[in-house]
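One structure is given here, and the rest of the page talks about it.
The values are calculated or read from the model by the stated rules, or taken from the named source; none is laboratory data. Keep in mind that this is a model prediction, so the values were computed, not measured. All Cβ positions, glycine included, derive from the backbone under ideal geometry; neighbour counts span all protein chains shown.
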Amino acid sequence: MDDWVCVAIFDEMSEAVGKEKARIEDMALDVGLMPEKVVKVEQKEKVEILIHPEFYSYYEG
């Protein structure tokens with residue numbers, strides 16, 4: 001299994017989480033990737049937005 005990269009952490013699920021996830025998904029579309037395959041949200045102690053390592057180089061750049 002690939003190690004996904006945490007790019008954002010929030011205290012709780014909120015509108016801000018949705019907005020940031022949408023922004024990152026738009027970036028994935030811009031580089032020809034399917035957002036549902038490269039962006040996900042996990043809720044543990046905090047809410048984390050994770051991206052697939054193959055998408056990270058586009059996200060970081």
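Is there a residue in segment 13-28 that is modelled with pLDDT of 95 or more and of a type in the set (S, T, N, Q)? Yes, that holds for at least one residue.
Counting only residues that are in a helix (DSSP H, G or I) and either modelled with pLDDT under 95 or surrounded by fewer than 17 Cβ atoms within 10 Å (Cβ to Cβ) (or both), segment 37-51 holds 1 of them. Screening segment 27-47 for residues that are β-branched (Val, Ile, Thr) and farther than 19 Å from residue 13 by Cα and picking the one that is nearest to the chain's Cα centre (by Cα) gives 38.
For segment 1-32, what are the residues that are surrounded by fewer than 10 Cβ atoms within 10 Å (Cβ to Cβ) and either aliphatic (A, V, I, L, M) or touching a residue at least 40 places away in the same chain (Cβ under 8 Å) (or both)? Selection gives 1, 2, 3. Could you grab me the full set of residues in segment 2-36 that are farther than 13 Å from residue 54 by Cα and in a loop (DSSP other than H, G, I, E, B)? Of everything in segment 2-36, those that are farther than 13 Å from residue 54 by Cα and in a loop (DSSP other than H, G, I, E, B) turn out to be 11, 12, 13, 14.
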